[in-house]
Amino acid sequence: MPTADFLTHCLRRAAHWTAAALLLFACGAQAQTAAPRPAYKLHIVGGLVDLHQYTRHEEPFWTRELSRLSGGKFDADIVPFDRAGIPATEMLRLIQLGVVPFGTIQLSSVATQFPEYGAADLAGMNPDLASLKQSIAAFRPYLEKQLRDRHGVELLALYVYPAQVVFCKKPLSSLGDLARRRIRVSGATQADFVSALGAVPVLAGFAEIMTHWKSGNIECAITGSMSGNTLGLSEVASYVHTLPVTWGLSVFGANRSAWDALPPELKSLLRRELPRLEASIWSESEGETAEGLACNQGAAACTAGRKAKMVVVPVSSQDERRRQEIFAGTVLARWLQRCPTRCAEVWNQTIGPARGIVAPVAQ
């Protein structure tokens, strides 16, 4: 039988460990309660869900990198606009109204209402990424000012998609072979370019391409070299021409009131980090243009797409001459017709001097 002194000792020890356990539990609960929570959470509407711009860059930046960069102070969630059910054509207006405080705007989608915003990426104007960068450098200050003053939208980053090239089912050896073919286009200047080739433009959204293809409504499609591969065009088309008809530009912008309401520390962080996100998207687009073409022809350089057996048609000297003629004689001319005075003035103040092309101003 244990002695009374021994029992007293055991009871004291038990009380000691019970108190310690309770203290440990209380501290743990307090630590959980006091775990740092984001001081501010942003709600973002991003670009197209199935493209690498979104999956490799936009989504990871907002859902992981922002928290890491801010030490957990700031966080965000993001949804692609096509999954959110927001028409691309409405994004600028919704950001202006503050319904969407932060979102990605496809410039081609607003160019019907505001033709001047499409100036830097007119069809046939930028045959390579260096040309596009030159056009953007000249045009960006104007675009920033217009978005801020006219729409109350703060331009925070400018993204580029990979080169938009032509996929076709029937044999293709040059741009001239596209005459009389029905070709999917995504906007007015692509339609102008296609029409000048003697082809029939069919306006359709990216998600609608395969439906139009399977129904026979189109026999060619202009889209990104890799996005076309991802979409499945490489399985139903046999030829892809390498000329970048356009590239595809998107603006990441904020409602001005929503931007002004952000904590100064968060604004500073975004001003510092969003240019890095922009640069990574531009680098990805350049690499993806080349890899998309590699995947479409089944080359060893293909690591991220489906290896197909398409014929890749290079740009010939004849194609290059045709591009220049169509741009100057049709695409630029028709773009100027859509807003005669304003577009000519914008062009001659921005891109025209940089590219050595003067637009006639309507009298």
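Is it the case that some residue within region 194-208 is touching a Pro at 6+ places or on another chain (Cβ under 8 Å), more than 24 Å from ILE136 (Cα to Cα) and outside the structural domain of GLN53 (by TED's automatic domain parsing)? Yes, some residue in region 194-208 is touching a Pro at 6+ places or on another chain (Cβ under 8 Å), more than 24 Å from ILE136 (Cα to Cα) and outside the structural domain of GLN53 (by TED's automatic domain parsing). Go over the candidates GLY287, GLY356, GLY329, GLY298 one by one and state the one that is surrounded by 13 or more Cβ atoms within 10 Å (Cβ to Cβ) and over 23 Å from the mean Cα position of the chain (by Cα). Selected residue: GLY298, the only one of GLY287, GLY356, GLY329, GLY298 that is surrounded by 13 or more Cβ atoms within 10 Å (Cβ to Cβ) and over 23 Å from the mean Cα position of the chain (by Cα). For region 309-327, the criterion of being out of contact with any Cys (no Cβ under 6 Å at 6 or more places or on another chain) and closer than 23 Å to LEU143 by Cβ is met by at least one residue.
Would you confirm, using the coordinates I've provided, whether LEU156 is assigned by TED's automatic domain parsing to the domain that holds LYS267, assigned to a helix (DSSP H, G or I) and of a type in the set (A, V, I, L, M, F, W, C)?
no
Go through the residues of region 206-219 one by one and say whether even a single one is within 15 Å of ALA123 (Cβ to Cβ) and either surrounded by 24 or more Cβ atoms within 10 Å (Cβ to Cβ) or free of Cβ contacts under 8 Å to residues at least 40 places away in the same chain (or both). No, there is no match, as no residue in region 206-219 is within 15 Å of ALA123 (Cβ to Cβ) and either surrounded by 24 or more Cβ atoms within 10 Å (Cβ to Cβ) or free of Cβ contacts under 8 Å to residues at least 40 places away in the same chain (or both). Residue count for region 304-328 under the criterion of being more than 17 Å from ASN126 (Cβ to Cβ) and part of a helix (DSSP H, G or I): the result is 2. Within region 242-268, residues that are at pLDDT below 95 reach partners that are surrounded by 17 or more Cβ atoms within 10 Å (Cβ to Cβ) and assigned to a helix (DSSP H, G or I) with beta carbons closer than 9 Å, at six or more positions or on different chains, in the pairs GLY248/LEU107; GLY248/SER108; GLY248/ASP121; GLY248/SER285. Would you call SER227 among the hydroxyl-bearing types (Ser, Thr, Tyr) and surrounded by fewer than 21 Cβ atoms within 10 Å (Cβ to Cβ)? Taking the combined requirement at face value, the residue does not satisfy it. Checking each residue in region 310-323 for being more than 17 Å from PRO162 (Cα to Cα), exposed (fewer than 13 other Cβ atoms within 10 Å of the Cβ) and either among the β-branched types (Val, Ile, Thr) or in contact (Cβ under 8 Å) with a residue 24 or more places away in the chain (or both) picks out only GLN318.
The values are calculated or read from the model by the stated rules, or taken from the named source; none is laboratory data. Bear in mind the structure is a predicted one, so any value in this text is a computation, not a measurement. FYI the Cβ positions are ideal-geometry reconstructions off the backbone, even for glycines, and counts take in every protein chain you see.
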